[in-house]
Amino acid sequence: MKNIVILISGRGSNMEALIAARDAGDLPVNIAAVISNRPDAKGLETAARAGIATRCLDHKAYAGRVAFDAALAECIDGFAPDLVVLAGFMRILSEGFVRRYDGRLVNIHPSLLPSFPGLHTHQRALDEGVRIHGCTVHFVTPALDHGPVIVQAAVPVLDDDTEDSLTARVLAQEHRVYPLAVRWFAEGRLRLEDGRVRLDAPTLADAVLVAPRLA
Ligand code: GAR
């Protein structure tokens, strides 16, 4: 069974979705550890309650990005993960760090990349008046919120949407597609090859719906 390490900075709802999928038998992975760069991350308590090893490396205690990333890599490597899963990990990672985990580092971002990298994606989508918004799971490259796309889920943007309602609609899809993408990796079907995403033997069951049913 593949080992994964999850990196968080806050609430950890995507991490919870991964734990729930594992517990439901839908995600055959060993969650070796959850690591946060913020001591107050709520997700740390959730992970500990689920019996998962937790670590906190406070980025403020390090001289700079490279020093923090080196310590983070050492901590991660102690758990020998096959895959490192960024789940709301709100730190820009150095090029050296990203290269070290080439093909083994995935992220989820709350927009249909390459639209709206960075922060406040839902408000920006509303401001731009887009009709379709969503989320993206991708392999990480040194550029912020960028990299070969593994899976995306789209949702409609409604006339009366607020930032909160749109956030909730997208988050529900994040919780669906992240366990799916990690499962593909755990099954040995997903890999990065010459900078392209390869998914072996995709089936209809892998197809992700566009504009899912409204709640
Ligand atoms: C999620 O919406 C995730 O997509 C986003 O942070 C949130 C974390 O929520 N990540 C990014 O913006 C990365 N650029 P969570 O802690 O409840 O999973």
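The values are calculated or read from the model by the stated rules, or taken from the named source; none is laboratory data. Not measured: the values here are computed from a predicted model. Cβ coordinates were reconstructed from backbone atoms using ideal geometry, including for glycine residues, and neighbour counts include every protein chain displayed. These accessible areas exclude ligands, DNA and RNA; they are computed on the full protein's heavy atoms, side chains included. Shrake-Rupley method; radii C 1.70, N 1.55, O 1.52, S 1.80 Å.
Data overview
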read-out: Qualifying residue in segment 182-200 (condition: hydrophobic (A, V, I, L, M, F, W, C), over 25 Å from ASN30 (Cα atoms) and open to solvent by 40 Å² or more (accessible area, probe 1.4 Å)); value: no
read-out: Number of positions in segment 76-96 that are buried (at least 16 other Cβ atoms within 10 Å of the Cβ) and more than 19 Å from LEU190 (Cα to Cα); value: 7
read-out: Identity of the residue in segment 145-170, part of a helix (DSSP H, G or I) and open to solvent by less than 30 Å² (accessible area, probe 1.4 Å), that ends up nearest to ASP82 (Cα to Cα); value: VAL170
read-out: Test set (1) within 15 Å of the ligand (Cβ to nearest atom); (2) farther than 24 Å from VAL98 by Cα; (3) open to solvent by less than 60 Å² (accessible area, probe 1.4 Å); (4) of a type outside the set (Asp, Glu) - LYS42 fails condition number; value: (3)
read-out: Inter-residue pairs, beta-carbon under 9 Å, first without any contact (Cβ under 8 Å) to a residue 40 or more places away in the chain and in segment 146-157, second part of a loop (DSSP other than H, G, I, E, B) and buried (at least 20 other Cβ atoms within 10 Å of the Cβ), 6+ apart; value: HIS146/LEU113; HIS146/VAL140
read-out: Failed item in (1) open to solvent by 30 Å² or more (accessible area, probe 1.4 Å); (2) in a helix (DSSP H, G or I); (3) not acidic (Asp, Glu), with HIS122 passing the rest; value: (1)
